[in-house]
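Worksheet: the structure to be examined is printed underneath.
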Amino acid sequence: MTRLAKPFFAAVVAVGLLSLGVSITRAQDPQEDSSRPKPAARAYPSVGSLDQDPNADQDSTPSLQPDTSPLTGVQEPTLGVPQFDRSYWVPGFEYTNSVSSASLSQTGSSDWTSTSFIAGSLSLVQAWRHSQLSVNYSGGGFFSTDSSQGDGYFHQFALTQDFKWRRWQLALIDQFSYLPESAFGFGALTGVSAPGIGGSLGPTLPGLESSYQPNQSIFTSFGTRYTDSFTVQSAYQISRRSSINVAGSYGFLRFVDAGGIGSDDVIFNVGYNYSLSGKDTLGVLYRFTADRYPGNPQALNDHVAELAYGRKITGRIALQVFGGPDITIFRVPVGSATQTVGVARGVTLIYALGPGNRSNLSLTYNHGVSNGSGVQLGASTDLVESRLTHRFSRYWNGNFNFGYARNDGLGNLAASQNSQAFNSYYIGGEISRPIGRSSNLSLGYTAQIQTSTQANCASGNCDTSYTSHRIFSALSWHARPFMLR
């Protein structure tokens, strides 16, 4: 079994065992009060109401329940979650073609290349009285006329198992990917950019905040890589207004070919939350991150203490603002420095715009110490990602996205040694429309741009800048839902 197959096979086995364990637990539990709220899931219409049906009422919006995830937890906030009463799974298929102006090994070339992605997808939702399992998976192969990229395969997998009782919440979260390039902006806005079938039937799981994932925001990191983040989080409601949460996480980044810097991270998080009102929350958290680099003596221990503010209005806005001191200790001195002191900070905003919430804006910003994206032994990272979606008409939808990352080598912070710095950007847009009841067609464009303070060498080319223009077309299809109960 290959190095890739082992972690992926382990993830699949974990899903099966987890589902079996929850089923056994449910069978042993006595019947409980049916008036209590059912487990929450992300906002999508009830099963059978396909948002890709041109003949359906696409302006209808399901009622949302408040997002009760802790402010100082590990997951990004949402606008709310609906109450639903069905469990199901849905298979799907997608073909995507990308025409690119240049690849990393063709710096300065005007030759265009074509890459086709063929993927199978699966989304599953299984709900019990006090728990819910949500799974998204996409995987397949790609075929490219770019000789430096060639042919290969890719996988993306996301799982969330939530348990909710009167005072306790427990979440098990896993995110795995095997990709031919950086995950930062991968696949633009097409279906291959994220696991699952997408649309209203594909549960978009609240993702881990960037501080709890191995960073990959340097485009010119070396080729195919696989990464995984597994997190366990528990929250306890102390009183009507206050709660505490604790989380532990393990993640890794590995490269198939020589040249990339693999990393492991172990993260511990503890937070306290206090509700000022039904909309506003204050919090304080402590986070410890241990970054290790197999085969390299360097190691980073990062300590962060932050104050946080959150505001949530179900269906309208989800806002989080946080910041505080950040102390990073080096096992191997960088120049003459053994530590740096800075400020970690961030903002997450999701906002529904216009009548009928026809537009949605999401924006995230995070500043802190990261693993170095496979190019550096640690970095001070600024990461910005934004997305705007808009429904133009009954049939046409549009998306616009933008991302920016700056990765400064830790030597720049130590002020005793100069290190390489990278500025990475992606920007693009997409239009899409449904075809019949279960298919969707989309067209899009994205650009990837990167500059660095020193020449970066990969595949025999050395340069301080890199630009790629990509034109996408995608056709996706999914089956009708198969009911589990």
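Just so it is clear, none of the values below were taken in a lab; they were calculated from the coordinates. The shown structure was predicted, so the numbers you read here are calculated from the model rather than taken from an experiment. Counting neighbours? That spans all protein chains shown, and the Cβs are built from the backbone with ideal geometry, glycine included.
On full extension of the chain, what length is gained from T464 through V332, given 0.36 nm per residue of separation minus the C-alpha to C-alpha distance?
Working: separation 132, 0.36 × 132 = 47.52 nm, distance 2.79 nm.
Answer, rounded to one decimal: 44.7 nm.
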Legend entry - Under-5 Å amide H pairs with G378, H placed in peptide plane, nonlocal only: G372
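Take each of the peptides 399-408, 194-203, average the number of other beta-carbon atoms within 10 Å over its residues, and list them starting from the highest.
On the way: 399-408: 19.9, 194-203: 24.2.
Ranked from most to least packed, the peptides come out as 194-203, 399-408.
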Inset, instruction - Within 10 Å, count the other beta carbons around each residue, average over each peptide in 175-184, 364-373, and list them highest first. - result: 364-373, 175-184
Inset, instruction - Quick one: which residues, 5+ away or cross-chain, put their amide H under 5 Å from the amide H of R437? H built at 1.01 Å from N. - result: none
Legend entry - Under 5 Å, built H, 5+ apart or other chain: amide partners of V81: Q65, D67
Inset, instruction - List, in order, the whole-Hz ³J(HN,Hα) value for each residue of region 390-405 obtained from phi through the Karplus relation with A = 6.51, B = -1.76, C = 1.60 and θ = phi - 60°; use x for Gly and Pro. - result: 8, 9, 6, 7, 4, 10, 9, 10, x, 9, 9, 9, 8, x, 9, 9
Legend entry - Length gained when the stretch I431-F392 is fully extended (0.36 nm per residue, less Cα-Cα span): 13.1 nm
Inset, instruction - Rounded to whole Hz and in sequence order, give me ³J(HN,Hα) for region 204-218 from the Karplus expression 6.51 cos²θ - 1.76 cosθ + 1.60, θ = phi - 60°, writing x for Gly and Pro. - result: 7, 6, x, x, 5, 4, 4, 5, 10, 10, x, 6, 9, 8, 10
Inset, instruction - Work out from phi, with θ = phi - 60° and the Karplus expression 6.51 cos²θ - 1.76 cosθ + 1.60, the ³J(HN,Hα) of each residue of region 365-378, listed in order in whole Hz, and give x for Gly and Pro. - result: 9, 9, 10, x, 8, 10, 6, x, 6, x, 10, 10, 8, x
Legend entry - Cα centroid separation - region 132-195 against region 265-303, whole Å: 23
